[in-house]
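One structure is given here, and the rest of the page talks about it.
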Amino acid sequence: MSKRVSNAVRYKNPLPIHPLELPELIIHNPVSWVYWTYCYITGCNTLQHKIHVDIVNNGIVHIEVRNQDDMKYLWENGFFGTGQLSRSEPTWYNHMQSRFQSEENGTADKKISLEQVTKFRRQQRTEFKKQRELVEAKLLNLRKKGELSPEEETRILEQEREKLRKFKDDQLALHLLKENRNDNLEEQERLLIQEAEVINENGEIRQLESLELMPVETLFLSFALDVLDVTPSDFIIKHCMDNSFDYTDELHKLLIQYSAYHHYRSHGWCVRSGIKFGSDYILYKRGPPFQHADFCVMVLDSNCSKPYTWYSTMARVCGGANKTLLLCYVERINSKEQILQYIRQGHISKAFNSFTVGEVIYKRWVPGKNRD
Amino acid sequence: MSTATNQDTDLNLDEDEVIQDWSDISKIQNDNPILSIPKRGEKDYEPDGTDIQELLLYRAKKAMFDTLENSVRGSTSKSQVKGYYIPDKHIAMVPYAKGNFVQSMGETDKDGTLWLHFFEFLYLAERGTITPFWKAYGNNVELPLSIEDLYSYFKTQKEMDNFSIYAHLKRLGFIVRSSDQYIITKNNTSFYPPMNFKSYTIGSMRNIINRISSTFTYTGISLFNGIIFSQWHFYLRRYRSSPDIYESLNKLISYHKIPHSITDLRHEYSSLKRSTSNSTPTSLHITFNIWKPNPTFKKKYPELPDYQVVTYNKNMTNQSFPTFNELEALFRSLDYKFNFIEHSSNTDFWNKNTYNNGVLREDILNDLTNNARNKNKQPKIVTKKPTENKNKKPGKELPPHIQQLKRLKNGYRSFLLAIMDNGIVSFAKISEADFGSENVWYVPPPKGTIGRPNKNWRKTNKSKDNHRKEKEQSEIK
Amino acid sequence: MYRTDNKDGLSIENTVRTNLVHFQNWSNVVICEESLEWEDRIIRLISGIPPTTLSNGESDENGNPTREFLLPISLAQYNAEHLTIECLDQIFDKLCNSETKRIILSIVNDDGTTVFYFVYKGVHKPKKN
Amino acid sequence: MPVTINLICGAQEDGQTILSPLIFNIDDIKKLRDVGICGILSGTLPSAAQQNIFLSVPLKLMIEEAIWLYLNGLAEFKVLRGDTAHLVKEILDRDAHNIHVVAKERLERSFELQREYKREQHRLKLERLGIISPETSNKNTSDQSQNDKLLEASLFIETPTTSNLLNNLHLNHENGINDNLLHILVSQYSNWDNFLLFQALKDKGYVLAPGGRFGGKFIAYPGDPLRYHSHMVVRDALHYKDQPLDLLELAANARLGTAVKKIWVIGAPIPTNDKLESNNIPSKKDVSFYSVEWAGFG
């Protein structure tokens, strides 16, 4: 019970944009009027700061929020994003923290202490520095001889950097192996690597987890709510279209995926990825802590006709998970050229006005259960 | 091979995993009408080379083939009903029809001769209810036909598939009739009132309005989108509640408007009737109307069907699953007991909203009753039945958020897709849905009540549309 | 294998490795040296030892789980890396030894999750129970 | 002795159309079962006509089954071309009276046998009850007409499963199938790649059945489905080189497989360099299979 109450407090706001909280208006008191008006005028729904996102693009775009407070904020205000090392809410850091704490208190059987790791890390740093000095000396030597063109220097520098990096890896692995020869070697090793990566030189836990946003979430947060430090047209043009101006299949897919996402979000659903069910989205009425998702959504182009087995598989998967399969058909009602032009001119809302959704529920039906 | 079990949700207990233990067949022969569905049997994981497994398999096969061999089709000469195939028309006639099937199958002419569609004829022949003959040269030559003969008269795969689906549903006790073919006269049963002159003029007025509004099949594209979806948005507007924010966000993506009520349905119908360009070509159309088993069924004045069936062969390379436009066309062509309408479980309601050949069904039933009374006979058809409210306790409405979830999960108009896969028949229910006219956003409780959130978070979100309904419901309370 | 602070440009192999080490508790996770060039991309397997024996998996004489091989692949909402049967054949041919019966397909999604599926070469029986 | 598969060819505007292959003879069905071809029984079982679990002839074959039987010399096609009804009419025109008489005689013979049998049964029953003594039995004429009436009413008129008439037609007209017809058959309901998958799995000893309800082309059993659970759901054949896996589809099927304990199998015939094959029946080609299931974590 208390958990639900605290959840109700924690997840009070369904969106990262909060409504204005105005003071109470007392009719007979003119001061209260003035104060109210003042609050209204100065008040603003906008976030104090824009949330920073890092966009990693190696063929596939990954959008990450790495600031701890921002991660928490986006999760708590509408369940946006997924912790990369957690089931959904980014809780990895807290797990690590409590694990190390309990180890320090001696409650868990100590496999390795924080100090040990810290010691290794320091050793490692010293050795690494030594190596780096060697490299620098080598370079200096070459330069003095005057045998280097700037291009060559860059090349060698790159080579040496790569070597150093490799040294760092090997060094770490070797050290840990050497120092810990005992019965349960493998387990030790695992923990050592894991923890060595987790603890920094000052003995603090490093945050390895970031909150990853789906492209549609990123669009929603930047375009509809304007809480990210990326603009929607930049995001679409630079990251999703690779600056090309063709109406590609990929662009079309992104646009219809977003149309569906926005449609459900804006009617109050908490929309999350349905990858585990092989579907595009699942819909929660409020959010994961409150109840199971009731719907699985597949987003389809309105002209789409899949092989029958596709529908049959999806209906079975959903049926097995007690969810209703919703086929969300998105229809393009403006020409491709027109939409491209809207995007180019930064009229993102007009681009999305060019889509309309229609919905169909697909359910297996058993005659014997529907006879009487 | 396929069956109806009530184990739908449990994937492990699916149709094909219900072991076909043919030794159980004795339990379900015709004289024992209560079907005992064989238990989920103990099948093995894989062949293990043991004798006992061999023996079990041998027995299973033997039981199956013994049953097939001993199950002979036909009837005694006393109960024999002769049916005659008419090749030119690909139908059959039964001059002296008797038996339960007459009530719901075929068409009976003034002389009492029963005319059957080919699929009905074959179905009855296959169960041994009628004896099929080829009749030539008047009554002089009667050639008895075999099942193999009859199958060779199928013209297309579609026809053969339709037959299998028909037989599948019939065996389960449904009343099934063709929705698009007729032999003698087309008995038309419709939810929609006929278009007479008067309603035509009214209709055409309405039509103009509809045409204007149908330009916007998609609802409310706001002119203010430009502001809402700009970086100035939250500087220019002040939102005092989350619902307000949602309201402005949900103007972006338009959605298809679909009928939710009787009025909506009739509007759509009358506007579609007049616009000719509206029939989207589709390979699929409604093939069967089906009714749940009903002893008072009248084939001349049927009620609206409980379901409508579209048949589909998943393996035919020239058939493909309908696209959204084709699905829409199918939804628009539906004419059945729209079970999403309120009171849809009420017989009287449907008698007031069904037209048999253009005449209100209620009037037909009254006439029949009166005629019967005049002749001092028992009324044949009971007009006033106690309202069927099996599952609903009157006066106990479900809370709004549950009602909403039901609407969302069941959708609106629906048809059954019967899928044929090489002799295996299965079904899917395909429904129109409308998430665009429902809002499920969370309304935070007013300040100070956070400690007791339960009461308030039931009262979800209201779009203006829903507001009225929910108000009514709270008044009922 | 050490992870730098600069996360940009992280390879998909590293993403899978991090997931295995820090979320799934695998040990000895390494990115394999052998690589296969396939349609403008370089395919590398990842190998490691799961914390407990996986289903249908094998264990050594001490009952400890044996090494598994993983194939990383990206999936996004609006595009995905291609994986054909031909490509799988090549991977088993070039990147696996002849005893490898299965690899674990590791799908890295653009929603922050990685999901894992066994892919057996040839026709394989399902779990008995 | 190969079994007989009925192939009804309808004529449609846009060329030839062939209906699902059917088998009516129960002995044939038995033979097929022993080589792992099960088909699907699809006709009403007259003794239990109100259910769909146990059905009777005709047996519907998957196209792949029919082709496999044919190519392995286990079946021949009885091709019923065009409008059989039309042919029946021709025969009747020629020989109506005779056929009528023969049919009538056959029925009368069956009746005579039944009468004899039933009288005998009746007599034995009376004897057992001690109502009559064995000597007098046949001479007792009281109630005879009443009994006869009952007896006549209870005579059984069978609707036969198989047709004599069609056998005649078949013999008189075109016999067998040609490559062209085979190609039409395959392209109408499936494709050669699916057949190659079917064949490869059949060679591995699997028994296959239609898999639409499980989201696949086939489901495969390790032996007779009467005795064994199915092991896998087989997807429609993929194209070896240029049909990438749909990863969402994979995720869905893997999840489904876990729930129903069936592994998801995908396969593609490996293309050969033989450029001439396109017109012939690609009867043997290696198929590369993969089996997919959820790994149990992540």
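The values are calculated or read from the model by the stated rules, or taken from the named source; none is laboratory data. Treat the numbers as computed from the prediction; the structure is a model and nothing was measured. With ideal geometry, Cβ positions are generated from the backbone for all residues, glycine too; neighbour counts draw on all protein chains shown. Keep in mind that these areas ignore ligands, DNA and RNA; they rest on the heavy atoms of the full protein, side chains included. Shrake-Rupley method; radii C 1.70, N 1.55, O 1.52, S 1.80 Å.
Computed with a 1.4 Å probe on the full set of protein chains, the accessible area for D:W294 sits at about 90 Å². Rounded, prolate or oblate for the range D:153-273? Axes are the square roots of the Cα gyration tensor eigenvalues, ordered a ≥ b ≥ c, and the cut-off for rounded is a/c under 1.5. Here the range D:153-273 falls in the oblate category.
Net charge in the neighbourhood of B:D66 (other residues with Cβ under 12 Å of its Cβ; Lys, Arg +1, Asp, Glu -1) is +3.
For the chain pair B and D, the buried solvent-accessible surface (1.4 Å probe, both sides summed) amounts to about 8600 Å². Among the listed pairs A:K276/D:K262; B:K155/D:K217; B:K298/B:K352; D:K31/D:K60; B:K292/D:K217, a Cα-Cα separation exceeding 21 Å is found for B:K155/D:K217; B:K292/D:K217.
Net charge around D:E108, counting only other residues with Cβ within less than 15 Å of its Cβ (Lys, Arg = +1; Asp, Glu = -1)?
Details: positive: D:K104, D:R106, D:R109, D:R115; negative: B:E142, D:E105, D:E112, D:E116, D:E152, D:E158.
Counting the neighbours of D:E108, the net charge comes to -2.
Heavy-atom accessible area for A:M241, with the other protein chains in place and a 1.4 Å probe, reaches approximately 10 Å². Peptide B:69-75 is shielded by partner chain Cβ atoms: per residue, an average of 6 of them sit within 10 Å of its Cβ. Take each residue of peptide B:430-439, count the partner chain Cβ atoms within 10 Å of its Cβ, and average: the result is 6. Average projection, convex hull of the Cα set of the range B:82-153: 4.7 square nanometres.
How large is ³J(HN,Hα) for each residue in the range D:114-127, as worked out from phi by the Karplus curve 6.51 cos²θ - 1.76 cosθ + 1.60 (θ = phi - 60°), to whole Hz, x for Gly and Pro? Rounded to whole hertz, the list is 5, 4, 4, 4, 5, 4, 4, 4, 4, 4, 4, 5, 4, 4. For peptide B:171-179, the mean count of partner chain Cβ atoms within 10 Å of a residue's Cβ comes to 3. Within chain D, the longest run free of trypsin sites (Lys or Arg not before Pro) that sit in a DSSP loop with at most 13 other Cβ atoms within 10 Å is D:1-203. Note on D:S187: accessible area approximately 70 square angstrom, rounded to 10, probe 1.4 Å, nucleic acids and ligands left out. Put B:M93, A:M71, D:M1, B:M195 in order of accessible area, highest first, and with a 1.4 Å probe you get D:M1, B:M195, B:M93, A:M71. Classify the range D:1-130 as rounded, prolate or oblate from the Cα gyration tensor: take a ≥ b ≥ c as the square roots of its eigenvalues, call it rounded if a/c is under 1.5, otherwise prolate when a/b beats b/c and oblate if not. Oblate is the answer for the range D:1-130, as a/c is 1.5 or above yet b/c matches or exceeds a/b.
Under 18 Å from a label point set 7 Å out along the Cα-to-Cβ vector of B:N100, the amide N atoms of the range B:288-329 belong to B:291-299.
Distance from the C-alpha centroid of the range A:11-62 to that of the range A:334-362: 29 Å, rounded to the whole angstrom.
Here the relative contact order of chain C, from alpha carbon pairs under 8 Å that lie six or more residues apart, stands at 19 percent.
The residues of chain D expose on average 44 square angstrom of accessible surface per residue, using a 1.4 Å probe on protein heavy atoms.
Computed over protein heavy atoms with a 1.4 Å probe, the carbon and sulfur contribution to the accessible area of the range D:191-298 reaches 47%. Ranking of A:E21, C:E86, D:E112 by solvent-accessible surface, largest first: A:E21, D:E112, C:E86 (1.4 Å probe, protein heavy atoms only, all chains present).
All other residues whose Cβ lies under 10 angstrom from that of A:H292 are scored, Lys and Arg at +1 and Asp and Glu at -1, for a net of +1.
For the range A:1-96, rounded, prolate or oblate, judged on the Cα gyration tensor with a ≥ b ≥ c (square roots of eigenvalues), a/c < 1.5 rounded, else prolate if a/b > b/c?
On the way: a/c = 4.04, a/b = 1.90, b/c = 2.13.
The shape class here is oblate.
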